[in-house]
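In what follows, a structure is listed as structure tokens, so that the remarks can point back to it.
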Amino acid sequence: MTQTTPDAPVRRQRAQVKVRTLRTDRWWLVPLLTFLGLSSFLVYGVWAIIDNSYFVDPYIAPFASPCLATSCPEGARLFGLAPFGDWYALPPGLLILGLPGGFRLTCYYYRKSYYRSFWLSPPACAVQEPHGKYTGERRFPLILQNVHRYFFYAAIVIGLILAYDAVLALVHKPIGLGTWILVVNAVLINAYTLSCHSCRHITAGRLNHFSRHPLRYRAWTFVSKLNAKHQPLAWASMFSVMGADLYVRLVAKGIIAFPYA
Ligand code: FES
């Protein structure tokens, strides 16, 4: 064992695993499933951005909301507005993709999962990694992951807009299956957003005396409970947003057409 004195420099390097792995369990299963899950999300997202069937009254597909381009159908525009002029000819979903996308990309949980499953750095505990050196997130480009808290602010707005979309569908009669799908999705997206580690830090992370800030303490307690479920909420909200988006598009294309769809 290496002994360090208080004045000795701390050696920042990975533990050296001399053999490929010391593990005898199926350690590769979780990284593999994570790789497949995240890849399906990426592939679906690319398709959804270029697909034009994102609105059928009263539903708007979550990947295209808020719809801010002039090309958005009248009922799909957020508050009836289209702040981007006629010059914008690309898919409307591209305008807002960076905000929820950046939020997930820089999420602490997703970072762990794609560092392991895509970069194999390392793929699992006590498993050798293919990379020769490790610099963590102290240098460019990974130091940019620190912008996560700013994506969190944007994600709060996006979550509120998805909740607004669900309420618009709720007040539309008759209520269809799509309404409940949008409601469940809005709940999961907002629960995932509020369970964010940055949110927990913002609510009361720097307080020394909870007793002097009872409201922030209550908010922190609530967020901490959600935070303990951050990983399952990350997956549940990812599949719910894909499912809700696909459902709306299938209704818009006429592929799903049963009464009260
Ligand atoms: Fe995962 Fe903020 S840490 S969303």
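The values are calculated or read from the model by the stated rules, or taken from the named source; none is laboratory data. These numbers were taken from a predicted model, which means no experiment stands behind them. Cβ coordinates were reconstructed from backbone atoms using ideal geometry, including for glycine residues, and neighbour counts include every protein chain displayed.
Tell me which residues, restricted to the stretch 42-69, are loosely packed, with under 15 Cβ neighbours inside 10 Å and of a type in the set (Phe, Trp, Tyr).
Answer for the stretch 42-69, where residues must be loosely packed, with under 15 Cβ neighbours inside 10 Å and of a type in the set (Phe, Trp, Tyr): just 47.
Among the residues in the stretch 60-69, are any part of a helix (DSSP H, G or I) and more than 26 Å from residue 257 (Cβ to Cβ)? If you could, list the steps in order and put the result at the bottom.
Step one: list which residues in the stretch 60-69 are part of a helix (DSSP H, G or I), which gives 62-64.
Subset that is more than 26 Å from residue 257 (Cβ to Cβ): none.
Taking every residue of the stretch 60-69 in turn, none turns out to be part of a helix (DSSP H, G or I) and more than 26 Å from residue 257 (Cβ to Cβ).
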- Note on the structure: Selection from the stretch 236-258 of residues buried (at least 18 other Cβ atoms within 10 Å of the Cβ) and either of a type outside the set (A, V, I, L, M, F, W, C) or more than 16 Å from the ligand (Cβ to nearest atom) (or both) yields 237, 240, 242, 244, 245, 246, 247, 248, 249, 251, 252
- Six or more apart or on different chains, Cβ under 6 Å: which pairs go from a residue in the stretch 10-39 that's within 15 Å of residue 131 (Cα to Cα) to one that's at pLDDT below 85 and not basic (Lys, Arg)? Could you list them? 14/134
- Note on the structure: Given (1) within 23 Å of residue 224 (Cβ to Cβ); (2) away from the ligand (no atom under 16 Å from the Cβ), residue 149 misses just (2)
- Scan the stretch 212-235 residue by residue and report those that are crowded, with 18+ Cβ neighbours inside 10 Å and more than 12 Å from the ligand (Cβ to nearest atom). 220
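Of all residues in the stretch 137-158, count the ones that are closer than 30 Å to residue 19 by Cβ, within 22 Å of the chain's Cα centre (by Cα) and not in a helix (DSSP H, G or I). Please lay out each step first, then the result.
Filtering the stretch 137-158 for residues closer than 30 Å to residue 19 by Cβ gives 137-139, 142.
Filter again for within 22 Å of the chain's Cα centre (by Cα), leaving 137, 142.
Right, trim to not in a helix (DSSP H, G or I) and you get 137.
The number of residues fulfilling the criteria is 1.
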- List the pairs whose first member sits in the stretch 192-213 and is aromatic (Phe, Trp, Tyr), whose second member is away from the ligand (no atom under 11 Å from the Cβ), and whose Cβ atoms are under 8 Å apart, counting only residues at least 6 apart or on separate chains? 192/236; 210/204; 210/216; 210/217; 210/220
- Item | Positions within the stretch 89-120 being away from the ligand (no atom under 11 Å from the Cβ), touching a residue at least 60 places away in the same chain (Cβ under 8 Å) and either part of a helix (DSSP H, G or I) or crowded, with 20+ Cβ neighbours inside 10 Å (or both), in sequence order | 96, 114, 116, 117
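Looking at 209, 201, 131, which is the one that is surrounded by fewer than 16 Cβ atoms within 10 Å (Cβ to Cβ) and within 13 Å of the ligand (Cβ to nearest atom)?
Working: 209 fails: within 13 Å of the ligand (Cβ to nearest atom); 131 fails: within 13 Å of the ligand (Cβ to nearest atom).
Being surrounded by fewer than 16 Cβ atoms within 10 Å (Cβ to Cβ) and within 13 Å of the ligand (Cβ to nearest atom) holds for just one of 209, 201, 131, which is 201.
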- Query: If the Cβ limit is 6 Å and pairs must be 6+ apart or interchain, which residue in the stretch 233-247 that is closer than 19 Å to residue 51 by Cβ pairs with which residue that is hydroxyl-bearing (Ser, Thr, Tyr) and away from the ligand (no atom under 12 Å from the Cβ)?
  - Reply: 242/44
